[in-house]
1. Mind checking segment 79-127 for trypsin sites (Lys or Arg not before Pro) that DSSP puts in a loop (not H, G, I, E or B) and that have at most 12 other Cβ atoms within 10 Å?
2. Can you give the charge dipole size of segment 1-224 about its Cα centre, rounded to the nearest 20 debye, using +1 on the beta carbon of Lys and Arg and -1 on the beta carbon of Asp and Glu?
3. What order do you get for Met113, Met54 when you list them from fewest to most C-beta neighbours inside 10 Å?
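Here, each number is a calculation from the coordinates, and none is a lab measurement. Since this is a predicted model, take the numbers as computed values, not measurements. As a convention, Cβ positions derive from the backbone with ideal geometry for all residues, glycine included, and neighbour counts pool all protein chains shown.
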Amino acid sequence: MKKTLWITIAVALAASVIAASAQEVLSANAVGYIKKTLPAGGDLIALSAPLNSMTATQILFGATSIADEAPTGSWVYFWDSVLQTWAGSQKSSKGWASGAANRSIESGEAFFMKGDIAAVSDVEVTITGEVPEDAQLSRAVVGNNALGTIGNPYPVDFIFGESTIASNAATGSWVYFWDSALQTWAGSQKSSKGWAAGAYTRPVLAAEGFFLKDAGTPSTWDETKPYTWP
């Protein structure tokens, strides 16, 4: 599976650089940074959190740098795979409500964010955390034609059609990528011949989220670490 990945070791420290296409992921002493943009006017973006917490064993949304840097008036939306609906929360002048602040983000989980609808300019925010060292990370695939959010659990780009989650998806499955410019989903169904060219060649950027509606039984996406560090 092709990936855009460069790793540099310097000054005998585990210092690395992981560059992911249009995204920037810089890592010094195993700490990574992925820059994202909350568009003006409250447009939505689809995200994931592929960097580990530097202080805890789980990633709590309210403890992330992206939650902290998001301006007042921003919204976060988490997908409920059981109820098949979004649950949203807005950031007030006092911060995020406890439900959102204490929401645990799973490995390979995607979610939506948008900035203040009154914002007249884009706001850049940063996903910060430790570069995963795990040899393998997994994401539950809901299956049974139910929608589930997906994001690469590692901080790199990949080509959707070249991934195991694409090849393992049952015939009749759907993938949906968020078009942040048009503010809509672009979907494609897997036929007996495989994925259409547009979906197969679609690059998924580091920390980008998407939807998969797998027509098969529930399963897991087991992704192998795509870099040799550490």
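1. Lys94
2. 380
3. Met54, Met113
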